[in-house]
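Working notes, beginning with the structure itself.
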Ligand SMILES: Cc1cc2nc3c(=O)[nH]c(=O)nc-3n(C[C@H](O)[C@H](O)[C@H](O)COP(=O)(O)O)c2cc1C
């Protein structure tokens, strides 16, 4: 059982989340390969997929969008989990409620021909240098907070839940 943990990132926080998910799964005994999605050409060697992308304008980045639309991903009914990395942690007050609506918007844009086991929205990292002038102005008007908003315990728990779902070799009997 080999799992692909694939990601698309603009500024690196999604890559770090993917690496954390992969290492957590390996600790649980699952063989996990962590790769940028634009480097994955052949999906035939994987038994399950955890696919994540940074969110820009309520959409996934192109390499991740293209990946989940691949016909060979849909074939074979292998389990697929999705994670989006956005900025719920940066928002405050009434703006936070906008995030409840983000996953359906992302999914309708993906229009992927796959059955998804679960799709989670995690908070990532947002710095002033990631945004253009208009973006920074809008960010300030909305009272958003820059910073690293990743919730590692939440990410670990999710990775553990996926690992527990997948068949993996149990440790052999103890020997003297
Ligand atoms: C240009 C731009 C647009 C963004 N649009 C959204 C968005 O629509 N929704 C959201 O939740 N987060 C949005 N974000 C926040 C990013 O998704 C977040 O910073 C994430 O951690 C980026 O991941 P990365 O470091 O892997 O690129 C945006 C960030 C940038 C730079």
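For a protection proxy built on the mean count of beta-carbon atoms within 10 angstrom, sort 16-25, 105-114 highest first, please.
With the highest mean Cβ count within 10 Å placed first, the list reads 16-25, 105-114.
Computed per residue of the chain from DSSP H runs no shorter than four, each worth -39500 (n - 2.57), the mean residue ellipticity at 222 nm is -9500 deg cm²/dmol.
If you take the square roots of the eigenvalues of the alpha-carbon gyration tensor of segment 58-176 and sort them as a ≥ b ≥ c, do you get rounded (a/c under 1.5), prolate (a/b over b/c) or oblate? Here segment 58-176 falls in the oblate category. Spatially, segment 92-160 and segment 19-75 are offset by 18 Å when compared through their Cα centroids. Helix 13-27 and the longest principal axis of the Cα set of the chain meet at an angle near 20°. Build a GNM of the chain with springs between Cα atoms under 10 Å apart, and of 116, 80, 125 the one that fluctuates most is 116.
Across the chain, C-alpha contacts under 8 Å between residues 6 or more apart give a mean separation that, scaled by the residue count, equals a relative contact order of 26 percent.
Read the figures in this text as sums done on the coordinates, not as results from a lab. What you see is a predicted model, and the numbers here were worked out from it, not measured in a lab. Heads up, the Cβs are rebuilt from the backbone with ideal geometry, glycines too, and the neighbour counts pull from every protein chain shown.
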